[in-house]
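First the structure, in the form of structure tokens, and then the observations on it.
The values are calculated or read from the model by the stated rules, or taken from the named source; none is laboratory data. Quick caveat: nothing in here was measured; it's all calculated off a predicted structure. We place every Cβ from the backbone using ideal geometry, glycine too, and count neighbours over all the protein chains shown.
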Amino acid sequence: MTPVLVVNSGSSSFKYQLIDMDAEHVLASGLVERIGEANGHSSHTVFAAAAEPGVAMPTFTEATSSRELPIPDHTAGFAAMLEAFDAHGPSLDDAPPVAVGHRVVHGGARFFEPTLITPLVEINIDELSVLAPLHNPPNLAGIRAARKAFPGVPHVAVFDTAFHQTLEPAAYTYAIDSEIAAAHRIRRYGFHGTSHKYVSEAAAAFLGRDLASLRQIVFHLGNGASVAAIDGGRSIDTSMGLTPLEGLVMGTRSGDIDPAVLLHLSRRAGMSTDELDDLLNKRSGLLGLAGSNDLRDIRAAIERGEERALLAFEVYVHRLRAYAGAYLAQLGGADVISFTAGVGENAPRVRAEALSTLGFAGVEVDPARNEARERGIRIISTDASSVTVLVVPTDEELEIARQSLQVARS
Ligand code: ADP
């Protein structure tokens, strides 16, 4: 058994998974939330392999336990997590993690691969908080608390931006005054890199093709959403930029917008910087257009005949098509187009509509395959389609665990 603990830490909560890297299966997962409050909450799920008679593959039974307790800070959160392991297993004394992998949102232009965390790396992550004020500080709080909880174990930072560090200057440079851009490190960084990497590699492996030979487009469509153009395993373009606000229409974020809209709202409506930030990040996207950030609600509202829900869906799809076309052009055609994350894995209509105009480029989605309610990685294009279209369930935790183990072993 080779357990690796993966931690994804936010400001008031963190998620964790303990993964046995020999079998790449999850031993336990959990969520510690309402950190900083008196009524904190922790839940812990244990997955146990249960070999069924007559079944070659083991199935995994699960048991969840939860608890309310005060969790003043991340350190107390890790203590609660350790107590849950003690009480419900698996025992971390019997099989201690060989590495702890941490999701870190912003690695700037400094971190382009998974990195063993040292005090200096912590300082660098802290310094990059300028670029990601909402994300890097809580990521770092999680790292510091986890290093106290697991002092003898290598801790590894895996950056959301790292996979996109292969972008050429033409793709990552904004056309603004270059001195101002340099002074403030303004450029496109890209996010969801761990997912784009995992999905593009899983697609190549599933198809039995050499990653280096494939031109791929990956649509990561969750609450946050981004698309990447990947040539031979290297990201050459992606829709998110300096921050995760640019690009596709998202649950609550606007994605691409004329920057002059902000100037207009500032001058004409007297909106402050914080109000504009709140508008574009929290009150836009599907929520702003249709009153819900959840595509399932939008679909139900469309069925009830709500016009604003239909418009929201159409705006969402219009943007997906624009990026599909742009990235076909950047790559000079595609071999594989994949959909992943909450919307990408579960919304056949979004997938079909996003690609419906691409027949000229040899993209043909098979309606029955697309609608089939199957789990796991699968092909949804027709056999005649010259581009293979896939649904690929993403697994960012597993990708973080793989990269962390590699660093810990090197
Ligand atoms: P996050 O970015 O928070 O990790 P997810 O990848 O979990 O998000 O995606 C969450 C979103 O996926 C939901 O807000 C919803 O819009 C969408 N979603 C989840 N399940 C379905 C479904 N069965 N049908 C359509 N959309 C779904």
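Give the residue that is nearest to Q17 (Cα to Cα), with candidates limited to residues of region 381-410 that are in contact with a Ser or Thr (Cβ under 9 Å, 6 or more places away or on another chain), hydrophobic (A, V, I, L, M, F, W, C) and within 16 Å of the ligand (Cβ to nearest atom).
Initially, region 381-410 is screened for residues in contact with a Ser or Thr (Cβ under 9 Å, 6 or more places away or on another chain), giving 381, 387-397, 399-400, 403, 405, 407.
Subset that is hydrophobic (A, V, I, L, M, F, W, C): 387, 389-392, 400, 405, 407.
Imposing the further condition that a residue be within 16 Å of the ligand (Cβ to nearest atom) reduces the set to 391-392, 400.
On the way: V391: 23, V392: 20, I400: 10 Å.
The extreme case among them is I400.
Of the conditions (1) over 20 Å from the mean Cα position of the chain (by Cα); (2) within 25 Å of V130 (Cβ to Cβ), G224 fails just one. Which one is it?
(1)
What do you reckon, is L280 in contact (Cβ under 8 Å) with a residue 24 or more places away in the chain, among the hydrophobic types (A, V, I, L, M, F, W, C) and under 23 Å from V389 (Cβ atoms)? Let's see the steps before the verdict.
Numbers: in contact (Cβ under 8 Å) with a residue 24 or more places away in the chain: yes; among the hydrophobic types (A, V, I, L, M, F, W, C): yes; under 23 Å from V389 (Cβ atoms): no.
No, not satisfied.
Can A341 be described as in contact with a Leu (Cβ under 9 Å, 6 or more places away or on another chain), at positive phi, within 16 Å of the ligand (Cβ to nearest atom) and of a type in the set (A, V, I, L, M)? Break it down into steps so the answer makes sense when it comes.
Working: in contact with a Leu (Cβ under 9 Å, 6 or more places away or on another chain): yes; at positive phi: yes; within 16 Å of the ligand (Cβ to nearest atom): yes; of a type in the set (A, V, I, L, M): yes.
Yes; evaluated as a whole, the condition is true for this residue.
Answer yes or no as to whether G305 is in a loop (DSSP other than H, G, I, E, B) and either away from the ligand (no atom under 16 Å from the Cβ) or in contact (Cβ under 8 Å) with a residue 12 or more places away in the chain (or both).
Working: in a loop (DSSP other than H, G, I, E, B): yes; either away from the ligand (no atom under 16 Å from the Cβ) or in contact (Cβ under 8 Å) with a residue 12 or more places away in the chain (or both): yes.
Answer is yes for this residue.
Kindly provide the set of residues from region 208-228 that are within 16 Å of the ligand (Cβ to nearest atom) and polar (S, T, N, Q), ordered by number. Reasoning before the result, please.
Just the residues of region 208-228 that are within 16 Å of the ligand (Cβ to nearest atom), to begin with: 218-228.
Passing the criteria: N223, S226.
Can you name the residue in region 325-338 that is among the small types (G, A, S) and buried (at least 21 other Cβ atoms within 10 Å of the Cβ) and is also farthest from the ligand (Cβ to nearest atom) among such residues?
The first filter runs over region 325-338 and keeps only residues among the small types (G, A, S), leaving 325-326, 329, 332-334, 338.
Filter once more, keeping what is buried (at least 21 other Cβ atoms within 10 Å of the Cβ): 334, 338.
Values: A334: 23, S338: 14 Å.
Residue satisfying both the conditions and the ranking: A334.
Checking the condition modelled with pLDDT under 95, under 29 Å from S386 (Cβ atoms) and either charged (D, E, K, R) or assigned to a loop (DSSP other than H, G, I, E, B) (or both), which residue from R351, R369, R375 passes? Lay out the reasoning, then the answer.
On the way: R351 fails: modelled with pLDDT under 95; R369 fails: modelled with pLDDT under 95.
That would be R375, the only listed residue that is modelled with pLDDT under 95, under 29 Å from S386 (Cβ atoms) and either charged (D, E, K, R) or assigned to a loop (DSSP other than H, G, I, E, B) (or both).
Give the residues of region 167-196 that are within 16 Å of the ligand (Cβ to nearest atom) and not hydrophobic (A, V, I, L, M, F, W, C), sorted by residue number.
Going through region 167-196, the residues within 16 Å of the ligand (Cβ to nearest atom) turn out to be 190-196.
Once the filter is applied, which keeps residues that are within 16 Å of the ligand (Cβ to nearest atom) and not hydrophobic (A, V, I, L, M, F, W, C), region 167-196 yields G190, H192, G193, T194, S195, H196.
Quick check on my filter: what residues within region 272-298 are near the ligand (Cβ under 10 Å from one of its atoms) and loosely packed, with under 15 Cβ neighbours inside 10 Å?
R296, the sole residue that qualifies.
Tell me which helices (runs of 4 or more DSSP H) are completely within region 173-268 and hold 2 or more residues being over 29 Å from N293 (Cβ atoms), or say none if there are none.
Values: elements: 178-183, 193-207, 260-268.
Counting at least 2 such residues, we get 178-183, 193-207.
Considering each of P133, P97 in turn, give the residue that is in a loop (DSSP other than H, G, I, E, B) and under 21 Å from R188 (Cβ atoms).
Numbers: P97 fails: under 21 Å from R188 (Cβ atoms).
When all the criteria are applied, what remains is P133.
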